[in-house]
Amino acid sequence: MRLMRIVLLVSVLVARSPLSNAADTTAINGTRSESSMTYHIHHPLHEVEATSKDLQCRITYNAATGEILHAFFSADVTSFDSGNSNRDSHAMEVLDALSYPTVSFNSKSITTTGTNLTVGGDLNFHGRTKPIVFAATTAKAADKLTVDGQANVSLTAFEIDRPSLLMIPVDDTLKISFIVVFPLAAK
């Protein structure tokens, strides 16, 4: 009985704590028509960029503090378009898109300093999951929150054979940039 009272007391104190204001926390899906992700890869003879507008993004957002508490995204690797169908087909071969059709990220930590974010979490790419950390910024308007960021990913860390042109491989670093727009409820 005493244990039950202690558990009840702790539950009440946690529920009243300013750190646990669940009423202000909500899951928000990104607006696909306004969001995109682009990868950039460098080869000494040319640069390649491909963009996807087919992202599934979701954040857990605390409206009272204006902070993003958690973030998740997923994209089909075949949705990236470089404007060259032969190059995109080769990229799908290199990425083994039939076996590993999606790339996804699940945050483990988000540190907010003003409008700057430092985001850490697990990137699942090419069937491997690796921790990454990247920077992002936020911009808030009356009815939307925009998150803009970039990350560098090592192809060899995810066991991807670097494509070559004239026997020269592309750089190991795949540069990823993104912009995701989330609708906010009007106050």
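A few remarks follow.
- Positive-end residue, the chain charge dipole about Cα centroid, Cβ charges, pick of Leu155, Phe80, Thr118: Thr118
- Summing Lys and Arg as +1 and Asp and Glu as -1 over all other residues whose Cβ lies under 10 Å from the Cβ of Arg162 gives a net charge of -3.
- For segment 24-183, the C-alpha radius of gyration divided by 2.2 N^0.38 Å, with N the number of residues, is 1.08.
- Structure remark: mean-square fluctuation, Gaussian network model of the chain, C-alpha springs under 10 Å; the largest value among Leu166, Leu55, Leu98 belongs to Leu166.
- 0 to 90° range, to nearest 10: angle between helix 2-16 axis and the chain longest Cα axis: 60 degrees
- Sorted by Cβ density within 10 Å, fewest first, the residues Glu67, Glu34: Glu34, Glu67
- Virtual paramagnetic centre 7 Å along Cα→Cβ of Thr31, amide N under 19 Å, in segment 40-63: 52-63
- Extension gain, Met167 to Ser89: 0.36 nm times the residue separation minus the Cα-Cα distance gives 26.2 nm.
- Computed [θ] at 222 nm, deg cm²/dmol, the chain (DSSP H ≥ 4; -39,500 (n - 2.57); rounded to nearest 500): -4000 deg cm²/dmol
- For segment 112-129, the Karplus equation 6.51 cos²θ - 1.76 cosθ + 1.60, evaluated at θ = phi - 60°, returns couplings of 10, 10, x, 9, 9, 10, 10, 10, x, x, 10, 9, 9, 8, 6, x, 10, 10 Hz by residue, with Gly and Pro reported as x.
- Förster-model FRET efficiency, 30 Å R0, Asp81 and Thr113, C-beta, rounded to 0.05: 0.30
- Helix 85-94 and the long axis of the chain differ in direction by around 70°, with both axes built from C-alpha atoms.
- For segment 24-39, putting each phi into the Karplus relation 6.51 cos²θ - 1.76 cosθ + 1.60 with θ = phi - 60° gives couplings of 8, 9, 9, 8, 10, 8, x, 8, 4, 5, 10, 10, 7, 9, 10, 10 Hz, in residue order, rounded to whole numbers and with x for Gly and Pro.
- The Cα-based radius of gyration of segment 71-162, divided by its Kirkwood radius, gives an Rg/Rh of 1.03.
- In the chain, lysine pairs closer than 24 Å at Cα, eight or more apart or cross-chain: 11
- Vicinal HN-Hα couplings computed from phi for segment 172-179 (Karplus, 6.51 cos²θ - 1.76 cosθ + 1.60; Hz; Gly/Pro x): 6, 8, 9, 8, 10, 10, 8, 9
None of the figures in this text is laboratory data; all of them are computed from the coordinates on show. Values in this document were obtained by computation on a predicted structure and should not be read as measured data. Here the Cβ is made from the backbone with ideal geometry for all residues, glycine too, and neighbour counts use every protein chain on show.
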